Each structure stands twice: as structure tokens, then as C-alpha cells.
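The structure under discussion appears below in the form of C-alpha cells.
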Amino acid sequence: MSGVVVMDYDQEWPNRAANLITVLEEALCPVQRVEHIGSTAIPNMAAKDVIDLQASVGDLELAATAFDGPLENLGFHRSSYDRDHLPAGHPAQFELWEKRLWTRREHPQGDVNLHVRVTGSPNERFALLFRDWFRVHPEAVPAYSAFKRSLAAIAGNIGTYTDIKDPVVDMVIALAEPWATSVGWNSAGDDR
């Protein structure tokens, strides 16, 4: 049996995210913004029951030092995972895809991944573009949801699930880029 569970969209995910965003914006300094990202931020998208949030900061190291204490008090633990997947076709500038990640598991208010990325970095933009493209293309949600359900059924663990899913996410972004250009989309908007 797979260790990855993808479930139907939960109408409470946006509320859980919004409540936690308020708490994090008050607790974390110097955070520039915190946004709900990932599949739980996309209406009707099947997803793991883990809220993904993105905190945008000016400096990763300063933020990491400043965030450790407040996040520990909120039940988060820092992960050793400090870089995002480098999408196919991007120059191998790994330093531009750095992040810090805190996770909260088996918490009464739900599981959370808090991705901390530099404002204006390609990985910050990538997460927002993925979310926003699906929000305005709801016709693509059922197919991506079905893919994730099928993958979860055969993936033995979250690492395998993620490794197989990443190139598909890259394809979504390849579709999203022309849309972003055509509508003048930018990642500066705060759309939770």
C-alpha cells in the first residue's frame, strides 16, 4: 500500500490556510508575505491533506535564524531539504532555487509545509504561477487530479511520488508561461 494519500478537495483547506497565514504573519519577522500555494490552494483539486504555504523573504539565512524559534513554538520543525527541484530547461543556477522548509505533522490543526523562498526568485514565482494557472484553467484540474491519484496508488513513498510528479509540474509550467505573458500575470499579487 502506498504511503501517499491523495483525497478529494476539502472546502476547509482555504480556511485552514488563511487562519495559519494570519498567525505566521504576526509571528515571523522579517516576512514580506505568506501565501497559500500548491494543490490545496486550487479549487476542486485532489491533494494530500497537507497545506502548503509560501513565505517570501529578502534573505534566506536571516529568515531561517529569525524563524526557528517562533516556528518551533507553533509546532514546526526545520527540514534539511533546502532546494527546490530545478525544472527542465532552466539554467543550472541551483542557488536561485534555494529555500528553507519547515514542516508540521500530526498537529491538531493539520499538517503543513512552510516553504520560505526569496522574493522575486524563480522558485517563488514557479509556485505562484502553478497555483494561478490552475485557478483560471479549472478544465485542467480533473486531469491533474486523476494523475495524482494514479501516482499515489503506485508510489511507495513521498520521495518517489515527488520525483515522478516533478516533470509533470514542469509541463504545466510550460503551458502556463505563455498564458502569463498573454495576460500580463506577475507574481507580485497577494492572492490567497
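The values are calculated or read from the model by the stated rules, or taken from the named source; none is laboratory data. Since this is a predicted model, take the numbers as computed values, not measurements. In this analysis, Cβ positions are derived from the backbone assuming ideal geometry, glycine residues included, and neighbour counts consider all displayed protein chains. Please note that ligands, DNA and RNA were not included when accessible areas were found on the heavy atoms of the full protein model with its side chains. Shrake-Rupley method; radii C 1.70, N 1.55, O 1.52, S 1.80 Å.
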Seminar exercise, completed: Taking 0.36 nm per residue of separation between residue 93 and residue 153 and subtracting their Cα-Cα distance, the length gained on full extension comes to 18.2 nm
For this session: Compute the accessible area per residue over the chain, keeping the other protein chains in place, probe 1.4 Å, unit Å².
Result: 50
Exercise. Hey, what does the equivalent ellipsoid look like for region 117-181, semi-axes from the Cα gyration tensor as sqrt of 5 times each eigenvalue, largest first, whole Å?
Worked result: 22, 16, 9
For this session: Subtract the Cα-Cα distance of residue 179 and residue 164 from 0.36 nm times their separation in residues, and report this length gain in nm to one decimal.
Result: 2.9 nm
Exercise. How much of the accessible area of the chain, probe 1.4 Å, is carbon plus sulfur, in whole percent?
Worked result: 55
Problem set entry | Two-site FRET efficiency, residue 25 against residue 62, from Cβ-Cβ distance with R₀ of 30 Å, rounded to 0.05 | 0.95
Problem set entry | Sequence-separation-based contact order of region 13-65, relative, with Cα cut under 8 Å and 6+ spacing, percent | 37
Problem set entry | Quotient of Cα Rg and 2.2 N^0.38 Å for the chain, N being how many residues it contains | 0.98
For this session: Using a 1.4 Å probe and ignoring any ligands, DNA or RNA, find the accessible area of residue 9 and quote it in Å² to the nearest 10.
Result: 50
Seminar exercise, completed: Placing each pseudo-label 7 Å from Cα in the direction of the beta carbon, residue 80 and residue 44 end up separated by a distance in nanometres of 4.2
Exercise. What FRET efficiency do you get for residue 11 and residue 33 if R0 is 30 Å and r is their Cβ-Cβ distance, rounded to the nearest 0.05?
Worked result: 0.80
